Amino acid sequence: MDFLISGTHINPFYLIGVGFIVGVLGGFFGVGGSFLAGPALFGFGVPMNFVVGTDLAHIVGKSIVAARKHRTLGNIDLKLGGIMMIGTIAGVETGAQIIQQLKRTAHIDVAVGISFIVVLLSISIFMALESWKTLQMRRADPQTAKRQSKRNSVKEDKSAFDHIARKIQSVGLPPHIRLPTSGIARISIWSIIGVAFVGGIFSGFLGGGAGYIRMPSMIYLLGIPTHIAVGTDLFEIIISAGYGTFTHAIKGNVDILIALVMHTGAAIGAQIGATLTQYFNGALIRLAFIPLPLIGAVIIIHGLLIGHPTK
């Protein structure tokens, strides 16, 4: 099938399949799925600027479906998500402007591709280290681990790096707020906006909702329980990806037909993924997340090495 806006020819069933897989993973991990969808589009021969904009467009619809399901499960902190929107929108526009500057050069694919690889590898390495340390802690205290496994409570969802979140929560810069849904008694609003701004930059620059940055950041930097981070990130992705789609569409970086075809599979997968989170505790969700950025990095490396197929 020919997609005239981006000038590519792709089998639509491939796009539906990718959309379904990304939908399941996104609904389960609370991420937009650009760590897989973006590399897949690049591998299909889509130019990198269209990869970024089109991935954002397809993620909007999928995230709405997944967020609605998580809302019914009580996994969304609306107060937290609302504050994060401020930093996210500013960050998305910053990232999109960087893409505009790179479009004027002949190195956009390499620049964005290498940035993607570095980010994805860093996330996997950090989360692998955290998971290993958390498992070591649980082996040292099996009774606590057993109680947490039975209750599967988000309030008892502790990681080996909780001390990082406690330091950030103790930042004295006012104003401070409470996040009862996330179980946080006091945190500076600027800490939340700062995390959202960084996530927004990656969303505008690399495409997608940047949940692969924001979800781990909410857990390790803000101290948000994993299940709440998953649902809230999906809610926040609707805003970041929606604004990102708008600004990239104006700049001519969106192939809307590709996005719609992918959404056909993503809408179904998102509901399945969101439902599955009921059956796993936070530590297992984080552990299962580790290979996914690695897969995305491998796909990007492959695409950069072989180049795009002749169109």
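The values are calculated or read from the model by the stated rules, or taken from the named source; none is laboratory data. Note that the structure is predicted; figures quoted are calculated from it, not measured. Virtual Cβ from ideal backbone geometry, glycine too; neighbours counted across all protein chains shown.
Summary table below
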{"quantity": "Some residue of the stretch 48-55 being of a type in the set (D, E, K, R), more than 28 Å from I189 (Cβ to Cβ) and under 16 Å from the mean Cα position of the chain (by Cα)", "calculated": "yes"}
{"quantity": "In the stretch 34-87, residue modelled with the lowest pLDDT [restricted to those that are of a type in the set (F, W, Y) and crowded, with 22+ Cβ neighbours inside 10 Å]", "calculated": "F35"}
{"quantity": "Unique match (being within 18 Å of P293 (Cβ to Cβ), crowded, with 24+ Cβ neighbours inside 10 Å and not small (G, A, S)) among T226, T232", "calculated": "T226"}
{"quantity": "One residue from G244, G282, G296 being over 16 Å from G19 (Cβ atoms), buried (at least 24 other Cβ atoms within 10 Å of the Cβ), at pLDDT below 85 and in contact with a Leu (Cβ under 7 Å, 6 or more places away or on another chain)", "calculated": "G244"}
{"quantity": "Sole residue being of a type in the set (V, I, T), within 19 Å of E236 (Cα to Cα) and touching a strand residue (DSSP E or B) at 6+ places or on another chain (Cβ under 8 Å), chosen from I59, I64, I76, I83", "calculated": "I83"}
{"quantity": "Checking D2 against (1) touching a His at 6+ places or on another chain (Cβ under 9 Å); (2) under 25 Å from F280 (Cβ atoms); (3) without any contact (Cβ under 8 Å) to a residue 12 or more places away in the chain, the condition it does not meet", "calculated": "(2)"}
{"quantity": "Candidate set: the stretch 200-227, residues that are in a helix (DSSP H, G or I) and touching a His at 6+ places or on another chain (Cβ under 9 Å); chosen: the one nearest to M85 (Cα to Cα)", "calculated": "G204"}
{"quantity": "Test: residue in the stretch 267-277 that is within 28 Å of I5 (Cα to Cα) and either among the acidic types (D, E) or surrounded by 24 or more Cβ atoms within 10 Å (Cβ to Cβ) (or both)", "calculated": "yes"}
{"quantity": "Options A128, A160: the member that is within 22 Å of the chain's Cα centre (by Cα), modelled with pLDDT of 80 or more and under 24 Å from I213 (Cα atoms)", "calculated": "A128"}
{"quantity": "Check on L4, of a type in the set (A, V, I, L, M) and at pLDDT below 80", "calculated": "yes"}
{"quantity": "Boolean, I237 is closer than 20 Å to H163 by Cα and crowded, with 22+ Cβ neighbours inside 10 Å", "calculated": "no"}
{"quantity": "Filter result for P216 (in contact with a Lys or Arg (Cβ under 7 Å, 6 or more places away or on another chain) and either buried (at least 24 other Cβ atoms within 10 Å of the Cβ) or closer than 17 Å to G27 by Cα (or both))", "calculated": "no"}
{"quantity": "Selection status of V254, in contact (Cβ under 8 Å) with a residue 40 or more places away in the chain and in a helix (DSSP H, G or I)", "calculated": "no"}
{"quantity": "Members of the stretch 233-254 that are of a type in the set (S, T, Y) and more than 11 Å from the chain's Cα centre (by Cα)", "calculated": "Y243, T245, T247"}
{"quantity": "Test: residue in the stretch 271-280 that is of a type outside the set (K, R) and within 20 Å of V198 (Cβ to Cβ)", "calculated": "no"}
{"quantity": "Evaluation of T105 against (1) outside any helix (DSSP H, G or I); (2) touching a residue at least 12 places away in the same chain (Cβ under 8 Å) (one fails), failing number", "calculated": "(2)"}
{"quantity": "Residue match in the stretch 190-197 (condition: in contact (Cβ under 8 Å) with a residue 40 or more places away in the chain and among the hydroxyl-bearing types (S, T, Y))", "calculated": "no"}
{"quantity": "Flag for A274 being at pLDDT below 80 and assigned to a helix (DSSP H, G or I)", "calculated": "no"}
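Every residue, every condition in (1) within 24 Å of V24 (Cα to Cα); (2) part of a helix (DSSP H, G or I), yes or no:
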| position | (1), (2) |
| --- | --- |
| V52 | yes, yes |
| D55 | yes, yes |
| V60 | yes, yes |
| A66 | yes, yes |
| K69 | yes, yes |
| G74 | yes, no |
| K79 | no, yes |
| I83 | no, yes |
| G87 | no, yes |
